[in-house]
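These notes are about the structure you will find just below.
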Amino acid sequence: MNHLPLIIKREYFTKVKNKSFVIMTFLSPLIMIALIAVVAYLSQLNNDKQRTISILDETGYLKDVFQNTDNTTYTKLNGLELEDALILVKEKEDYGLLHIAKVDSLSVFADNVKFYSEDSPSLSIMSGLEQKIEKRLREMKLQKDGVSIAQIEASKTNIEIQQESFEGEKSSKIDNVVKLAFGGAAGYLLFMFIIIYGNMIMRSVIEEKTSRIIEVIISSVKPIQLMMGKIIGTSLAGVTQFVIWVILGGVLMVVVSTIFGIDLTQVQTPQQEMMNQAIQAEGAQAMAENLIVAIGNLPMTNLIIAFMFFFIGGYLLYSSLYAAIGAAVDNETDTQQFMLPILMPLILAVYVGVFTVIEDPHGTVSTVFSFIPLTSPVVMLMRIPFGVPLWQQGLSLLLLIGTFILAVWFAAKIYRVGILMYGKKPTYKELFKWLKY
């Protein structure tokens, strides 16, 4: 009799009805949104902070360089010595004092600029000041050499090389960024899903083994059915938890944004702010249009179908290995010696995907690792957005399925013996012996 559906149902409802599972399912989005809200609120406070910077320019070269903004006010100090200016700035509790000492030559100008402040100044503030001074100094040097700044500005030409395949398919540089983002998100999601729910399967096996419940269950259920039931049931519980996280997280983001007036999508660090300014300077509208085109060029149907198959195949492959480890040991401490061989291919797949696929998605390294079953789920998902032939995807998937069947057989052998073994820490040599039983 096939008990697999009953085992799946039992495992699923055992997981979803567990108090810790229910608490973490609803508590995790609350904690995450709360952290994001705190960061957004603090970032908003920091961005709204009013700063006053005093300028003591003894050269007179920077008269019209510093213009007031919504959050920064520049105060020019004239006819003061540096010591007097420092005392005045301290009394007024200004953000800082920018001092440009008098120089005889523009060649030593950069060595005579200092910023005085009570605390360490903001990185974005310092970068903004440096950019303004550098631009003015560059213009002055050009004028001194008799070069027309207007002619230089007029001569500037932005070149964006148009890309097109031999088949006539057009693309752009931003296409690679979008493809890497989609592929990286898919690979990273699979990586985290395996780590989180693979460990859940392993702990479930260890718990039943140590409580001796397994001795009763195994009398009427085949080991391979019990193992597959645990894997599938736990996977469905994980999918349920993930869907709840997505829905609840989205609802909480809307609620927090509405009640507290905090836009969680606009959380910006100083570095992100500088990047946004650079993007706007280069033409944000054109970049947005290219982004929309790049997303439209993605093979979405292929991505969705391949993601489903490689995600399921990769997860089932690693889950069977996690279940085998859980059956071989008596406690989580003993699992450490067996975890490294499982984690290494996963970590290697992520590194290959990040550092190799983006540079050469169809190169030898990327292609080879997209066929190796232990790394193919992550690497192939990162390669597909760049256009992988269907025969390569099919071959990789067949190898993955074949390895999964082999891993299930291997894991079932260990599972059958290991779930009834107690009080002895197994070695790799003993595991190979179990395969012969």
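The values are calculated or read from the model by the stated rules, or taken from the named source; none is laboratory data. These numbers come from a predicted model, not from an experiment. Glycine gets a Cβ as well: all are built from the backbone with ideal geometry, and neighbour counts include every protein chain shown. With ligands, DNA and RNA removed, areas are computed over all heavy atoms of the protein, side chains included. Shrake-Rupley method; radii C 1.70, N 1.55, O 1.52, S 1.80 Å.
Here are the numbers for the structure shown:
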quantity	calculated
Sequence-distant residues sharing a close amide H with PHE371 (under 5 Å, placed H)	none
Whole-Hz ³J(HN,Hα) from phi, Karplus 6.51 cos²θ - 1.76 cosθ + 1.60, for segment 120-135, glycine and proline x	5, x, 5, 4, 5, 5, 5, 5, x, 4, 5, 5, 5, 5, 4, 5
In Hz, Karplus ³J(HN,Hα) per residue of segment 100-105 (6.51, -1.76, 1.60; θ = phi - 60°; x = Gly, Pro)	10, 6, 5, 10, 9, 9
Amide H contacts under 5 Å for THR72, placed H, 5+ residues apart	ARG51
Net lengthening on full extension, GLU83/TRP245 (0.36 nm per residue, minus Cα-Cα)	52.5 nm
Debye log10 I(q)/I(0) for segment 50-146, one point scatterer per Cα, at q = 0.17, 0.18, 0.23 Å⁻¹	-0.76, -0.85, -1.34
Protection proxy ranking, peptides 375-381, 67-73, 137-143, average beta carbon neighbours within 10 Å, highest first	375-381, 137-143, 67-73
Simple spin-label estimate for ASN199 and VAL108 in nanometres, 7 Å along Cα-Cβ	6.1
Residue-count net charge about VAL239 - beta-carbon cut-off 14 Å; Lys, Arg +1, Asp, Glu -1	0
Derived scalar couplings ³J(HN,Hα) [segment 245-253; Karplus, 6.51 cos²θ - 1.76 cosθ + 1.60; whole Hz; x for Gly, Pro]	4, 5, 5, 5, x, x, 5, 5, 4
Three-way shape call for segment 305-423 based on the alpha-carbon gyration tensor, with the a/c threshold at 1.5	prolate
With all protein chains modelled, accessible area of ILE358 [1.4 Å, Å²]	60
